[in-house]
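Following: one structure in C-alpha cells, then a few remarks.
The values are calculated or read from the model by the stated rules, or taken from the named source; none is laboratory data. In this text, all values refer to a predicted model and were calculated from it rather than measured experimentally. No Cβ is skipped: glycine too gets one built from the backbone with ideal geometry, and neighbour counts run over all protein chains shown. To get the accessible areas, we keep the full protein, side chains included, count just its heavy atoms, and leave off ligands, DNA and RNA. Shrake-Rupley method; radii C 1.70, N 1.55, O 1.52, S 1.80 Å.
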Amino acid sequence: MKLSKSQKGMNTDMKKVRIGVVGGYRGTGMINYCKIADNAELVAICDNNPEVLEGQKKLCEGMKLAFYDNYEDFLNHDMDAVVLANFATEHAPFAIQAMKRGLHVYSEVLPVQTMKEAVELIEAAEETGMIYAYGENYCYMPAPYEMKELYQKDKIGEFEYGECEYVHNCAPIWPSITYGVRDHWRNNMYSTFYCTHSIGPIIHATGLRPVRVTGFESTMNGRSSEVGQKGATFGMEIVTLENGGIIKSIHGGLYENSVWYSMYGSKGRMECPREDADAGHIARIYVKADEYPGEYADRPAETYLPKRDHDAQCEAFGHGGSDFYSMYHFVEKILGNPAADIIDVYEALDMFLPGMFAYRSILKNSESMEIPNLRNPEEREKWRNDTACTDKNVAGDQLLPTRKDGTPEIEDEVYEIVKKKWEQDIESENGYRAMAMHQGENK
C-alpha cells in the first residue's frame with residue numbers, strides 16, 4: 001500500500017488532517033468545514049479563475065494559506081488530502097492524479113463521465129490504497145441518513161421499492177452556474193447524468209447494487225433552450241437492484257423544485273415529507289412498520305426530527321447540514337475512526353452508473369440495460385476504452401448527442417445574453433459576495 005504524506009511524515013496521534021480544496025466556488029462549503037472543524041486544517045486553495053481565487057483570499061483573510069491557480073503546483077503542497085469541487089466532468093482525472101501522488105480524495109459530484117474513467121478510477125484507488133470518498137451530500141441529510149440507520153437495523157425489512165426525486169429548476173440561476181459558456185458541462189449534460197442526488201441516498205441506505213436500468217427523458221422546453229441547455233429538461237430511471245427491489249428516480253429541471261425520498265420494505269415504509277407540506281422536509285422522517293412481516297398491526301406512523309452528535313456545528317451548512325457531515329466522515333476515515341461512514345469508489349459508481357446506462361437505454365428507445373459490476377476485474381476489460389459521453393473533448397469518435405433526437409442548434413446570441421446576465425449579477429452582488437451567499441449550491 002502506498003502511504004500518504006501524512007502516514008509517512010506525521011505522528012500516529014495526528015489530530016488534524018491537512019486539506020487542500022480545488023474549486024473556490026462550490027468548494028466554499030468544504031472550506032468552511034475546515035475553518036470550524038477540530039479534525040481538519042485548511043492549508044491550500046486552488047482555482048484557475050483569478051476572481052474566484054481573489055474572493056477566497058478575502059473570505060479567508062487572516063488565515064495562513066497557500067493559493068494556487070493550477071492543479072499541478074497545488075498537488076506539490078504539503079498536505080494529506082484534497083477536496084475536488086471543480087467541474088463535475090473533471091473529477092475522475094483529478095482524483096486519479098491525486099491518489100497517485102499519495103493524497104486521499106474527497107470527490108464532489110459526479111465521480112466520472114465515461115466508463116474508461118470509471119475503470120481507471122477504481123484501479124487507482126485499489127493500487128494506491130488511498131481513501132476515496134464520494135461527496136454525495138444528499139446521503140447525509142437528516143431524513144435520508146436516518147433511513148439508512150433504520151434500514152440497517154431492519155426497521156422496515158427487506159427493501160422492495162423506493163422513489164426518489166431531485167428536481168431543481170436551475171433556469172433562474174443558469175447565468176451564475178454556466179457564465180454564458182457554450183461548452184459548459186451543464187449545457188452539454190444529458191438528461192440522466194446528474195443522477196446521484198436522487199438515487200444515491202437509497203443506494204447508501206440499502207447497500208444494494210443496481211443491476212438493470214431503463215431510462216426515459218422529457219422533451220425540450222423553452223426554459224431550457226432559452227438559457228442554452230442542450231439536454232432534455234428531466235430524466236427518469238427505473239432501476240432494478242440485486243435483490244429484485246425497484247427504484248423509480250426522477251431528476252432534472254421540472255418547473256417546481258422537489259427533493260423527496262420514500263422506501264418500502266417487507267414490513268413497512270419510511271419517507272420524508274414533501275417540501276410543500278411545511279412539515280420539516282428532509283429534516284423530518286415518517287416511519288410506519290410492523291415488528292415482523294405479516295403482522296399487519298394497526299400502528300400509527302412515527303414521526304420525528306432525527307438528531308445527530310454534531311448538529312449544533314452544522315446549522316450554517318448547506319443542504320440540511322449534509323455538507324458538514326459528508327466532510328466530517330471523510331476526515332474521520334483518514335484518522336482511522338471505524339465508525340466513519342464514507343461512500344467509497346464502488347458505491348459511488350453504484351450511484352452513478354444507473355444514470356449513465358439509463359441514457360444509453362434512452363438512445364435505444366428505452367431498452368433495458370445491464371449495469372456492469374466493476375468490482376470484478378474481468379468485467380472491466382470490456383469498458384476500458386469506452387469514452388462515450390457528450391463531452392467532445394473526451395469522447396473522441398464516441399461522442400453522444402445531448403438528447404435522444406440529437407444535439408439541438410442554439411444560437412450564439414443565447415449564450416451572449418446569459419453571459420451579460422452573469423456579469424450584471426456579479427456587479428450587483430458587489431464582486432464576490434454572491435459566492436459566499438451561494439456556497440450551498442452545487443458547482
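Note on region 150-164: residues that are touching a residue at least 60 places away in the same chain (Cβ under 8 Å), within 25 Å of Lys307 (Cβ to Cβ) and either open to solvent by 20 Å² or more (accessible area, probe 1.4 Å) or not aromatic (Phe, Trp, Tyr) (or both) amount to 7. Residues that are open to solvent by 40 Å² or more (accessible area, probe 1.4 Å), aromatic (Phe, Trp, Tyr) and assigned to a strand (DSSP E or B) do occur in region 206-217, at least one of them. Restricting region 71-91 to residues that are farther than 23 Å from Leu335 by Cα and assigned to a loop (DSSP other than H, G, I, E, B), the residue that is least open to solvent (accessible area, probe 1.4 Å) is Ala88.
In this structure, does Tyr179 turn out to be open to solvent by 30 Å² or more (accessible area, probe 1.4 Å) and on the phi > 0 side of the Ramachandran plot?
Values: open to solvent by 30 Å² or more (accessible area, probe 1.4 Å): yes; on the phi > 0 side of the Ramachandran plot: yes.
Considered against the rule, which asks whether it is open to solvent by 30 Å² or more (accessible area, probe 1.4 Å) and on the phi > 0 side of the Ramachandran plot, Tyr179 comes out as yes.
Within region 401-422, the set of residues being at pLDDT 95 or above and surrounded by 18 or more Cβ atoms within 10 Å (Cβ to Cβ) comprises Thr402, Arg403, Lys404, Tyr415, Val418. Can you run down the residue pairs with Cβ atoms below 6 Å, 6 or more apart or on separate chains, where the first is in region 398-422 and farther than 15 Å from Gly231 by Cβ and without any contact (Cβ under 8 Å) to a residue 60 or more places away in the chain and the partner is small (Gly, Ala, Ser) and crowded, with 17+ Cβ neighbours inside 10 Å? Going by the 6 Å Cβ cut-off, the qualifying pairs are Gln398/Ala388. Quick check on region 268-300: of everything there that is within 17 Å of Glu163 (Cα to Cα) and in a loop (DSSP other than H, G, I, E, B), which residue is most open to solvent (accessible area, probe 1.4 Å)? Going through the qualifying residues, I end up with Arg274. For region 22-66, a tally of residues being assigned to a strand (DSSP E or B) and over 23 Å from Ile334 (Cβ atoms) returns 0.
Output the number of residues of region 218-257 satisfying the condition of being on the phi > 0 side of the Ramachandran plot, outside any strand (DSSP E or B) and crowded, with 24+ Cβ neighbours inside 10 Å. Full working, then the answer.
Of the residues in region 218-257, the ones on the phi > 0 side of the Ramachandran plot are 228, 244, 252.
Going one step further and asking which of them are outside any strand (DSSP E or B), we end up with 228, 244.
Still in the running and crowded, with 24+ Cβ neighbours inside 10 Å: 228.
The total comes to 1.
Residues in region 45-58 that are buried (at least 19 other Cβ atoms within 10 Å of the Cβ) and more than 22 Å from the chain's Cα centre (by Cα): Gly55, Gln56. Inside region 374-400, residues that are assigned to a helix (DSSP H, G or I) and open to solvent by 90 Å² or more (accessible area, probe 1.4 Å) make up a count of 6.
Residues of region 357-388 that are touching a Ser or Thr at 6+ places or on another chain (Cβ under 8 Å) and more than 18 Å from Val211 (Cβ to Cβ): Ile362, Asp386, Thr387, Ala388. Within region 59-70, the set of residues being farther than 11 Å from Gly20 by Cα and surrounded by 12 or more Cβ atoms within 10 Å (Cβ to Cβ) comprises Leu59, Cys60, Met63, Asp69. Could you tell me whether Pro306 is surrounded by 12 or more Cβ atoms within 10 Å (Cβ to Cβ), of a type outside the set (Val, Ile, Thr), within 22 Å of Ile203 (Cβ to Cβ) and more than 22 Å from the chain's Cα centre (by Cα)? Yes; evaluated as a whole, the condition is true for this residue.
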